[in-house]
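For reference, the structure discussed in these notes is given below.
The values are calculated or read from the model by the stated rules, or taken from the named source; none is laboratory data. Quantities reported herein were computed from a predicted structural model and do not represent experimental measurements. All Cβ positions, even for glycine, are placed from backbone atoms using ideal geometry, and neighbour counts span all protein chains on display.
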Amino acid sequence: MTTPRVTRAYQQRRRLREESWPKEDVWTGENEIGWFRVPRTMPLILQLIDSKSLSGSLAPSGAYLELLARHIDNGIIEMAHEVDHAYAAGYDGTRAVRSWQERMKILEKLGFIKTKQIGNQRYKYVLLIHPTVAIQNLFDQGKITKPWWDAYRDRQIQTKEPLYEERHKATAKVVPLKTA
């Protein structure tokens with residue numbers, strides 16, 4: 001974990017914390033291991049994933065969050081036991097795995113993940129699609145409401161998260177033409 005940039009705002013927040021809560025063990029993210037990064041738009045993304053218009057009565061945000069927490073690098077999660085993933089995503093009891101699998105299907109249908117089956121293990125590998133790309137595709141399909149879209153774009157701008165267009169432009173590959 002990298003040390004945060006010490007700005008004037010950082011110093012002000014630290015002073016406020018030290019004066020208001022001097023004895024509390026607080027979460028700062030500094031020098032921590034065992035945690036994962038997510039975009040600051042994640043609350044909106046989880047709300048979208050759970051929206052009735054996209055997921056009906058099944059809320060797959062717990063399964064998505066569990067996948068993000070399992071991700072180490074390269075956008076790929078090598079899945080362990082389905083029962084463990086189901087439990088970590090909030091499903092228990094006799095229908096736990098089935099409930100989790102139903103949510104995984106929704107996440108794949110919505111374009112947030114791609115999956116690879118190996119043998120009898122339906123979800124052996126999961127590829128995390130960049131949420132900005134998945135959301136843009138849903139928007140292009142007319143599946144996202146204007147109020148949600150406006151709130152999402154506004155939050156992206158506030159947090160300096162690259163917009164889809166900026167991300168797409170930065171990842172576009174230039175192929176040189178051969179000259180005769």
**Residue among Ile77, Ile135, Ile144, Ile106 that alone is in contact (Cβ under 8 Å) with a residue 40 or more places away in the chain, surrounded by 12 or more Cβ atoms within 10 Å (Cβ to Cβ) and part of a strand (DSSP E or B)** = Ile77
**Item:** Enumeration of residues in segment 52-67 that are surrounded by 17 or more Cβ atoms within 10 Å (Cβ to Cβ) and assigned to a helix (DSSP H, G or I)
**Value:** Ser55, Ser61, Gly62, Ala63, Tyr64, Leu65, Glu66, Leu67
**Item:** In segment 1-51, the residues that are assigned to a loop (DSSP other than H, G, I, E, B) and small (Gly, Ala, Ser)
**Value:** Gly29, Gly34, Ser51
**Request:** Can you tell me which residue within segment 109-125, out of those that are surrounded by fewer than 20 Cβ atoms within 10 Å (Cβ to Cβ) and of a type in the set (Ser, Thr, Tyr), is nearest to Ala80 (Cα to Cα)?
**Result:** Tyr125
**Item:** From Arg103, Arg70, Arg95, residue being modelled with pLDDT under 95 and of a type outside the set (Gly, Ala, Ser)
**Value:** Arg70
**Prompt:** For Gln101, all conditions in the list (1) part of a loop (DSSP other than H, G, I, E, B); (2) without any contact (Cβ under 8 Å) to a residue 24 or more places away in the chain; (3) of a type outside the set (Lys, Arg); (4) over 25 Å from Thr159 (Cα atoms) hold save one; what is the number of the exception?
**Reply:** (1)
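For (1) of a type in the set (A, V, I, L, M, F, W, C); (2) under 22 Å from Arg40 (Cα atoms), each residue gets a yes or a no:
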| site | (1), (2) |
| --- | --- |
| Lys109 | no, no |
| Thr115 | no, no |
| Asn120 | no, no |
| Lys124 | no, no |
| Pro131 | no, yes |
| Ile135 | yes, yes |
| Lys160 | no, yes |
| His168 | no, yes |
